[in-house]
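No value in this document is a laboratory result; all are computed from the given coordinates. Remember, it's a predicted structure, so these values are computed and weren't measured experimentally. For neighbour counting, all protein chains shown are included, and Cβ atoms are generated from backbone atoms with ideal geometry for every residue, glycine included.
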């Protein structure tokens, strides 16, 4: 580990006159001692270089960068969230989940605080949050604090079975470590809108209430996801936890820093998975794709001429499968394997971009150019889907 102490001077400064007096009155020279608060930034490197998984080392060196986030709505009877977060840089930016800083009705909390492992508690400003990815960006004043930024890695080439560590504040028990493996990738999980979060990471590392917003770390100590959800019959962690993937987190944080909000592209269709047996039944000469089930009137797909089938069949226990409509098999030359693949591919684009879909209607293949729109903002409170 290389430890780097970076001093950021904030507060007073000495003012000196220029060489020649221009005739205007100059401000007095400050000669007394100046109080300067410094920010110490610990840079952590070298984790996992020997190829092993050192959970104790990850915790010892990175846990100081994991914080507890406390939020309230600032009114009698109002209830906000208690979750986790992690430091992004020496400027005082902190990442967490959007649902941590919003109440059950998705009202944003008016008072947010960040607790550090060394006992410091400081107020935080919500720079912005992305309900579609369940990501929020906080900002604290870094002066006088010791910050340990965590490195945001990539979630594009994760391997099932790889070891991971989760650090957070389950049930308010701050600085708790749990370990496990990546149980699955490419999961779709609920967001705080009508749209799903794609490419989510499933893990058996214990995730409980209060872990939300904390980091899921790989063997190198890189953040590969933000712990966000559990699937449970009893309300506790049962070995099925989910994290928002780092690539989605990175996109959200970049736009929140720049704009305070995040926009997503929009196609305006709902789709079903097209698999080999169904494709054969429908007479479509492909093995996989996204079968268009409905098209929003006046939306980008409708304007481009994409259509859902008007006929309906039941096949292999699945009812209301459209017949005679379009099946999307590629976007900009990249294969689309199923409906989730389509959603994820569109979500990575920007509103206003033109994309080219490879489409089959029956045995007829064609290319359709679509100008993507802006995803509508339709928040859905947890449990309100």
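With both labels modelled 7 Å from their Cα along Cα-to-Cβ, the residue 143 to residue 367 distance reads 5.8 nm.
GNM remark for the chain: springs join alpha carbons under 10 Å apart, and the peak mean-square fluctuation among 66, 181, 356 falls on 356. Summed over qualifying helices (DSSP H, 4 residues or more, each -39500 (n - 2.57)) and divided by its residue number, the chain shows a 222 nm mean residue ellipticity of -3000 deg cm²/dmol.
Comparing 157, 120, 367 in a Gaussian network model of the chain where C-alpha atoms under 10 Å apart are linked, the largest mean-square fluctuation is found at 157.
Compute the angle between helix 246-259 and the longest alpha-carbon principal axis of the chain, please, reported from 0 to 90 degrees and rounded to the nearest 10. The helix 246-259 is inclined about 60 degrees to the chain. Put a dot 7 Å past the Cα of residue 312, heading toward its Cβ, do the same for residue 173, and the two dots end up 5.0 nm apart.
Rounded to two decimals, the Cα-based Rg/Rh of segment 227-379, with Kirkwood Rh, is 1.03. Put simply, the C-alpha atoms of segment 283-322 give a gyration tensor, and the ellipsoid matching it has half-axes of 22, 13, 8 Å, longest first. Kirkwood analysis of segment 174-241, using all unique Cα-Cα pairs, places the hydrodynamic radius at 12.5 Å.
Pull out the extension gain between residue 374 and residue 319, defined as 0.36 nm times the separation in residues minus the alpha carbon to alpha carbon distance; nm, one decimal.
16.7 nm
Per residue, the convex hull spanned by the alpha carbons of the chain comes to 217 Å³. Distance from the C-alpha centroid of segment 37-75 to that of segment 301-337: 46 Å, rounded to the whole angstrom. Across the chain, the relative contact order, built from alpha-carbon pairs under 8 Å that are at least six residues apart, equals 13 percent. What is the calculated FRET efficiency for residue 156 to residue 281, with r their C-beta to C-beta distance and R₀ = 22 Å, to the nearest 0.05? My answer for the efficiency is 0.05.
Residues 232, 155, arranged from fewest to most other Cβ atoms within 10 angstrom of their Cβ, appear as 232, 155. The fewest-to-most ranking of 369, 374, 185, 203 by surrounding Cβ atoms within 10 Å reads 369, 374, 185, 203.
Between residue 293 and residue 121, the modelled labels are 4.7 nm apart [label points 7 Å from Cα along Cα→Cβ].
Ranked by the mean number of other Cβ atoms within 10 Å of their residues, highest first, the peptides 87-94, 329-336 fall in the order 87-94, 329-336. Legend: calculated FRET efficiency, residue 303 to residue 194, from the Cβ-Cβ distance at R0 = 22 Å, rounded to 0.05, equals 0.55. On full extension, the segment bounded by residue 232 and residue 257 gains 5.6 nm, given 0.36 nm per residue less the C-alpha separation.
Shape of segment 227-290 from the C-alpha gyration tensor: oblate (a/c of 1.5 or more and a/b not above b/c, with a ≥ b ≥ c the square roots of its eigenvalues).
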